[in-house]
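Undergrad: The structure is given below, and queries will be raised subsequently.
Computed from the coordinates by the stated procedures, all read-outs in this text should not be read as laboratory data. Keep in mind that what you see is a predicted model, and the values were worked out from it rather than measured. When we count neighbours, we look across all protein chains shown, and the Cβ atoms used for this are built from the backbone with ideal geometry, even at glycine.
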Amino acid sequence: MSCSSQPFPSLQPLWLHSPPSSEAERRTASWLLEQLAPNERSSLCHGDLSAGNVLLGEPGFRLIDPRAVSGDLEYDVAVVTWKSGRTVNDLVARLELDLERAEAWRSVAVAARV
């Protein structure tokens, strides 16, 4: 497998082009975090899916330089799909994860402008 050293082109630092989150977004994110926290499933997550940590390769992309945190895999899915402009549905289905949880994490990630 060969990987290019170029960042995955579709991951963008979206917060650079986004206004700060609104008070309503922050309130919703806070409420969602309260709902997500008690049911956290502890898994090994990447935790740092910035454009420089995703490389193109065969047959797809490769994740490098993990922060290696414990948490919900749905969080990583939420971040990578938000930054790539895709919906969570396909990746959640491929990984057999919880769609509702991934969508909630995506709302939190968008409000936090991660």
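Undergrad: Stokes-Einstein D for the stretch 42-114 at 25 °C, 0.890 mPa s, Kirkwood Rh over Cα pairs, in µm²/s? Let's see the in-between values first.
TA: On the way: Rh = 12.4 Å.
Translational diffusion coefficient: 198 µm²/s.
Undergrad: If you don't mind, another one. What is the magnitude of the charge dipole of the stretch 17-104 about its Cα centre, with +1 placed on the Cβ of each Lys and Arg, -1 on the Cβ of each Asp and Glu, and no other charges, expressed in debye to the nearest 20?
TA: Numbers: 9 positive and 15 negative charges, 42 e Å.
For this selection, approximately 200 debye.
Undergrad: Where does each of 42-48, 18-24 land if you order them by average Cβ count within 10 Å, highest first?
TA: Listed from highest to lowest mean packing, they are 42-48, 18-24.
Undergrad: In nm, to one decimal, how far is the modelled label at LEU63 from the one at ASN39, with both set 7 Å along Cα→Cβ?
TA: 2.1
Undergrad: For LEU36, LEU73, what's the fewest-to-most ordering of other Cβ within 10 Å of each Cβ? The partial results should precede the final answer.
TA: Working: LEU36 17, LEU73 20.
Placing the least packed residue first, the sequence is LEU36, LEU73.
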